[in-house]
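Colleague: Below is the structure I would like to discuss, written out as structure tokens.
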């Protein structure tokens, strides 16, 4: 799947079934459902989930918490526009399959 296809699925009621949890969280975030996205990644111990978790706390405006999750993901905290970060994370995760 490419990012254009992923974006088109945001018009559906549920995410595609074969999405990894970090991508599913980004799908819900793309629909504006922060709580559902957060519930998915908050108990997953992976660098991808931590990266998405950092992004979500940045969306929330909790930058201290976001920095913690970026460190956990071994990522530099993002500072650019949120939509660019969402696109970059989605693209990265989709490229890995």
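Quick note: the coordinates plus some simple rules give every number you see, no bench work behind them. Bear in mind that the values here come from a model prediction, so they are computed numbers and not experimental data. Positions of Cβ are generated from backbone atoms using ideal geometry, with glycine treated the same way; all protein chains shown enter the neighbour counts.
Colleague: Of the peptides 2-13, 63-74, how do they stack up when ordered by the mean number of other Cβ atoms within 10 Å, highest first?
Modeller: Working: 2-13: 11.4, 63-74: 15.7.
Put in order of decreasing packing, that is 63-74, 2-13.
Colleague: Based on the Cβ-Cβ distance of residue 62 and residue 95, what FRET efficiency does E = 1/(1 + (r/R0)^6) give at R0 = 22 Å, to the nearest 0.05? It would help to have the intermediate numbers written out before the result.
Modeller: On the way: r = 28 Å, r/R0 = 1.29.
My answer for the efficiency is 0.20.
Colleague: Continuing with the same structure: In nm, to one decimal, how far is the residue 83 label point from the residue 43 one, both placed 7 Å along Cα→Cβ?
Modeller: Inter-label distance under the simple model: 3.4 nm.
Colleague: Suppose each label sits 7 Å from its Cα in the direction of the beta carbon; what would the residue 17-residue 33 distance come out to in nanometres?
Modeller: The two pseudo-label positions are separated by 1.7 nm.
Colleague: What order do you get for 41, 52, 90, 59 when you list them from fewest to most C-beta neighbours inside 10 Å? Please list the in-between numbers first.
Modeller: Details: 41 25, 52 29, 90 22, 59 17.
So the residues, fewest neighbours to most, are 59, 90, 41, 52.
Colleague: Would you calculate the volume per residue, in Å³, of the smallest convex hull containing every Cα atom of the chain?
Modeller: Numbers: hull volume 8.8 nm³, N = 97.
In the chain, the Cα convex hull volume per residue is 91 Å³.
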